[in-house]
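Structure incoming, see below.
Read-outs throughout are calculated quantities, based only on the coordinates presented, and are distinct from any laboratory measurement. Everything numeric in this text was worked out from a predicted model, so none of it was measured. Every residue, glycine as well, gets a Cβ built from its backbone with ideal geometry; the counts of neighbours run over all protein chains shown.
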Amino acid sequence: MSHVEVARAFRSGKCVIAKDARLWCDDEDINPFEYLERHLRGDWGDLDDATINNQEQFVTDGHGTLRSLFPQVGLQVVTEADWSTTRVIFHKDNF
């Protein structure tokens with residue numbers, strides 16, 4: 001897979017794809033990096049407006065847990081509150 005430069009909305013820290021998410025993506029032929037990139041650009045996916053507004057404020061303030069939800073593909077992307085780690089995880093609630 002080729003490296004893609006992303007115009008980031010915030011720093012992500014270490015990026016990790018959880019084992020269950022990786023297996024899910026392999027089985028379903030999903031590219032998890034697409035959803036990681038969307039998250040890093042500030043695309044929060046399928047979240048309500050209040051949550052999106054809170055996250056936009058976190059980006060402005062430079063701290064806070066950031067989450068993107070992509071239920072159509074069963075993935076969630078979470079950046080820890082200290083922004084040290086961003087994880088792609090399997091979102092089990094929809095599958």
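Quick one: what pairs do we get from region 13-24, first residue among the small types (Gly, Ala, Ser), second assigned to a helix (DSSP H, G or I), C-beta under 8 Å, 6+ apart or different chains?
If the second residue must be assigned to a helix (DSSP H, G or I), the pairs left are ALA21/PRO32.
What number of residues in region 25-83 are in contact (Cβ under 8 Å) with a residue 60 or more places away in the chain and among the aromatic types (Phe, Trp, Tyr)?
1
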